[in-house]
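The values are calculated or read from the model by the stated rules, or taken from the named source; none is laboratory data. The shown structure was predicted, so the numbers you read here are calculated from the model rather than taken from an experiment. Methodologically, a virtual Cβ is constructed for each residue, glycine included, from the backbone with ideal geometry; neighbour enumeration extends over all protein chains shown. Quick note on the areas: whole protein, heavy atoms, side chains included, nothing else; ligands and nucleic acids left out. Shrake-Rupley method; radii C 1.70, N 1.55, O 1.52, S 1.80 Å.
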Amino acid sequence: MTPTYLALAAALVVVFATTNAYAESDSVGDLHIKTVFKFAKGIEEVNSFKVFTQDFGYKWSETPSFQLWGAVGADKDLLYENAEISYERRGMAHDSDNEFDVDVSVTYGIKTLRQMEYTDCRVTNYYVTTLHDGDETFSGKTKFVYADVFAFECGGYKIIPASKLNKNLEALKG
């Protein structure tokens, strides 16, 4: 394992093992990742992802891609189904029938702080990994975590300006 992976794994184990995946607060600043997947079969909101990493897409010449990590769970049925279809069709010509859109938001309570909208996405990699905190986990001090790791590539990407977020919240205060 690389040092970077070990550090990430240790951090995730602490977050996952010391809190419930659906706990009210398990991050610095009480921030959360909210994802909304827009599939042809329906919309699926997933609030159990704990790690979001945008790999590429900020520069015009890059294909937008990102990763999401979270505990294996029953809140991702449509996403699991889509990942299975992508796996079955790997190596075939690009399949636009299997594409979907994703909104990724960083939230604080009901307030959205940052929002990225990805369009025409597909799952490019999916696996389950076991995370642990070295000797601490094997000695029983912390728990093993079984995590989903999804990688996505998308046809489009945009950052929603902060000035356009939370308009409804402002109206409620008024």
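Data overview
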{"item": "Residue in segment 38-53 that is surrounded by the most Cβ atoms within 10 Å (Cβ to Cβ), counting only those that are more than 10 Å from the chain's Cα centre (by Cα) and assigned to a strand (DSSP E or B)", "result": "Glu44"}
{"item": "Output for segment 54-72, where each listed residue is assigned to a loop (DSSP other than H, G, I, E, B) and either within 19 Å of Thr129 (Cβ to Cβ) or of a type outside the set (D, E, K, R) (or both)", "result": "Gly57, Tyr58, Trp60, Ser61, Thr63, Pro64, Val72"}
{"item": "Residue count, segment 62-89 (criterion: open to solvent by less than 20 Å² (accessible area, probe 1.4 Å), more than 15 Å from Cys154 (Cα to Cα) and not hydrophobic (A, V, I, L, M, F, W, C))", "result": "3"}
{"item": "Yes/no for Arg90 being within 14 Å of the chain's Cα centre (by Cα) and of a type in the set (Lys, Arg)", "result": "no"}
{"item": "Cross-chain or 6+ apart pairs with Cβ under 6 Å, segment 112-125 first and without any contact (Cβ under 8 Å) to a residue 24 or more places away in the chain, then of a type in the set (S, T, N, Q)", "result": "none"}
{"item": "Residue within segment 115-125 that is outside any strand (DSSP E or B), among the hydroxyl-bearing types (Ser, Thr, Tyr) and open to solvent by less than 70 Å² (accessible area, probe 1.4 Å) present", "result": "no"}
{"item": "Restricting segment 145-164 to residues that are out of contact with any Phe, Trp or Tyr (no Cβ under 9 Å at 6 or more places or on another chain) and hydrophobic (A, V, I, L, M, F, W, C), the residue that is least open to solvent (accessible area, probe 1.4 Å)", "result": "Ile160"}
{"item": "Criterion violated by Lys59 - all others in (1) open to solvent by less than 90 Å² (accessible area, probe 1.4 Å); (2) modelled with pLDDT under 95 satisfied", "result": "(1)"}
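Residues are listed down the side, and each one gets a yes or a no for (1) in a helix (DSSP H, G or I); (2) at pLDDT below 90; (3) farther than 25 Å from Tyr87 by Cβ:
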| residue | (1), (2), (3) |
| --- | --- |
| Asp133 | no, yes, yes |
| Glu136 | yes, yes, yes |
| Gly140 | no, yes, yes |
| Lys143 | no, yes, yes |
| Ala147 | no, no, no |
| Phe152 | no, no, no |
| Tyr157 | no, no, no |
| Leu169 | yes, yes, yes |
